[in-house]
Amino acid sequence: MGVERRIGPKEHGIDPTALDEHALFVVKTLQERGYVAYVVGGAVRDLLLGLRPKDFDVATNATPEQVKSCFRRAFIIGRRFRIVHVVFGRGREHEVIEVSTFRAYLESADAKKVSGNEKTSKHALAQVSHAVDSSGRVLRDNVWGPQDEDAARRDFTINAMYYDPSTQELVDYHKGILDAKKKVLRMIGEPQVRYREDPVRILRAVRFAGKLAHLGFKLESKTAAPLKRMLPLLQDVPQSRMFDEMLKLLQTGHALASIEQLRLYGLSEGVYPLLDLIVAKSAEPMIHAALSDTDRRVNEHKSVAPSFLLACVLWQDVRHSWEGRMANGQPLYPALQEAIDEVFDARIGDISGRGKLGADMREIWSLQPRFEKRLGQSPWGLVQQARFRAAFDFMRLRVATKEIDEELGEWWVQFSEASDEERDEMLERYRVEHQRQSSSRPKTTRVKTSVVSREKPLGLEADGAEPLEEGAVKSAPKRRRRRKPKGSEPSAPQ
Ligand code: ATP
Ligand code: MG
């Protein structure tokens, strides 16, 4: 079970002022009600290593119901692993503190065994607090127990330390502090058994190895050895959990480092279809740019959206299908929509049920042809779209990867930052220039049907294919007057 060691602030060196005020409030409230409570997990690890924690988790001996009753906005969530979300603030600025009740250390042999999985054995799992499937995968883990047992069922030694803000003491059962010094990522217990209990730990191992690689951390050899062999176990994990884990791997500031770790341990294939695809294509200019941009943004504490990254990842598929459809005579917009449907069906599968994510990706893609329309009121309509920023950032990646003209990208950067008057001038200048160019060309060559030519795929109007009259001109929304933003940052949240 591990031996308890209590370590004072002089030895561990955690800066008490680096703790999150809401996490402190949660711990203090629980302690005042007579419960034992600590900050735990990744936040303690990161504070110890001098990193800024991504989120704060709290562990307590209070049951989820007792925790819930201590806070105004607290919600019990999860079936496999019941925890409480204590919520502070609203909207974009809100913060969630995850509070978990100390778990008992249990042998899989003592658990209820079900023949199916969490979906097919729903009935058998109702009211059960500890259950495993035929491979030993834990389907229910909700038996409460003492703190030392809770520590033993956490994943890595450096993730199993508890910090009490009121005494500034660190409680360590598995020599986590020593492993932190040695820069070792070590699974608690027998790694094979631990991966079997929860195959997602395979991805967690890769994620922490990626996250801490720049500090010199390495997976301990016994922890790393079974990774590849255990990979087939991931097939049984619910797709939605795999999708969430994939996003954690890609959107927490160390996507490229994690992909490197996947390759290092022979996990480039067979993890999860969408992730396999990203690993395979991670050197493609647009995907590489999107991944490194995501890492940069996270490290600058800016927001990132999964829809943006996935739109980049699947763009070449969409583009390929779109061009094929247009080559077969389908008009531009219906061709694009059908290409998107096709790619969603082929690549996203189950996850397409995540309405907002799919809708946002579709919008980013659907707005792309509109960047090529600079006549009339169309640009005014585009900048007023709710997803303009994401579509604009996406368009700039297309420019950076030479898919579309730099001139077009530059024009939009200027237009998006300009005042109303400057925008009017830009549009007028463009109109005059466009008219001059078209009148110097023989009239019979004008193509009115499509902005996309086959030779130069996504309709660069540099080849003069932009129609003079556009439907968008008539239907453009009434523009809102705006002033030139002072010192505004061009690249807003994705
Ligand atoms: P992050 O910085 O990504 O938040 P974390 O280590 O805090 O990393 P969480 O998913 O927030 O990861 O989980 C909090 C803690 O709960 C972990 O540090 C670990 O102790 C424990 N934990 C989470 N998931 C598992 C798991 N699948 N198996 C065992 N322990 C886990
Ligand atoms: Mg955490």
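The values are calculated or read from the model by the stated rules, or taken from the named source; none is laboratory data. Predicted, not measured: the structure shown is a model, and the values here were computed from it. Every residue, glycine among them, receives a Cβ derived from its backbone with ideal geometry; neighbour counts consider all protein chains shown.
Structure above, values below:
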| item | result |
| --- | --- |
| Unique residue being within 11 Å of ligand 1 (Cβ to nearest atom), touching a residue at least 60 places away in the same chain (Cβ under 8 Å) and not hydrophobic (A, V, I, L, M, F, W, C) when the list is GLY176, GLY189, GLY136 | GLY176 |
| Elements of type helices (runs of 4 or more DSSP H) contained in segment 157-257, each with 1 or more residues being over 27 Å from the mean Cα position of the chain (by Cα) | 176-182, 191-197, 221-224 |
| Any hit, segment 38-47, residues being at pLDDT 95 or above, among the basic types (Lys, Arg) and either within 16 Å of ligand 2 (Cβ to nearest atom) or over 22 Å from PRO146 (Cα atoms) (or both) | yes |
| Failed item, numbered, when HIS130 is tested on (1) buried (at least 18 other Cβ atoms within 10 Å of the Cβ); (2) within 14 Å of ligand 1 (Cβ to nearest atom) | (2) |
| Test set (1) more than 16 Å from ligand 2 (Cβ to nearest atom); (2) buried (at least 16 other Cβ atoms within 10 Å of the Cβ); (3) over 26 Å from VAL184 (Cβ atoms); (4) assigned by TED's automatic domain parsing to the domain that holds HIS22 - GLU149 fails condition number | (3) |
| Residue within segment 50-62 that is surrounded by 20 or more Cβ atoms within 10 Å (Cβ to Cβ), more than 15 Å from ligand 2 (Cβ to nearest atom) and assigned to a loop (DSSP other than H, G, I, E, B) present | yes |
| ASP20 out of contact with any helix residue (DSSP H, G or I) (no Cβ under 7 Å at 6 or more places or on another chain) and either hydroxyl-bearing (Ser, Thr, Tyr) or not assigned by TED's automatic domain parsing to the domain that holds HIS214 (or both) | yes |
| Residue, surrounded by the most Cβ atoms within 10 Å (Cβ to Cβ), within segment 10-30, restricted to residues that are part of a helix (DSSP H, G or I) and small (Gly, Ala, Ser) | ALA23 |
| Inter-residue pairs, beta-carbon under 6 Å, first in contact (Cβ under 8 Å) with a residue 60 or more places away in the chain and among the polar types (S, T, N, Q) and in segment 40-61, second more than 6 Å from ligand 1 (Cβ to nearest atom) and not in a helix (DSSP H, G or I), 6+ apart | ASN61/TYR35; ASN61/VAL36; ASN61/PHE102 |
| Matching residues in segment 122-150 - criterion: being at pLDDT below 90 and either touching a Phe, Trp or Tyr at 6+ places or on another chain (Cβ under 8 Å) or in a helix (DSSP H, G or I) (or both) | LYS122, HIS123, ALA124, LEU125, ASP141, ASN142 |
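Okay, residues lined up against (1) in contact with a Cys (Cβ under 7 Å, 6 or more places away or on another chain); (2) farther than 30 Å from GLU428 by Cα; (3) touching a residue at least 12 places away in the same chain (Cβ under 8 Å); (4) not polar (S, T, N, Q):
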| site | (1), (2), (3), (4) |
| --- | --- |
| GLN330 | no, yes, no, no |
| LEU336 | no, no, yes, yes |
| PHE344 | no, yes, yes, yes |
| GLY358 | no, yes, yes, yes |
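Let's see how each residue does on (1) assigned to a loop (DSSP other than H, G, I, E, B); (2) in contact (Cβ under 8 Å) with a residue 12 or more places away in the chain; (3) within 22 Å of LEU291 (Cβ to Cβ):
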residue: ARG347; (1), (2), (3): no, yes, yes
residue: MET361; (1), (2), (3): no, yes, yes
residue: LEU382; (1), (2), (3): no, yes, no
residue: ALA390; (1), (2), (3): no, yes, yes
residue: VAL399; (1), (2), (3): no, no, yes
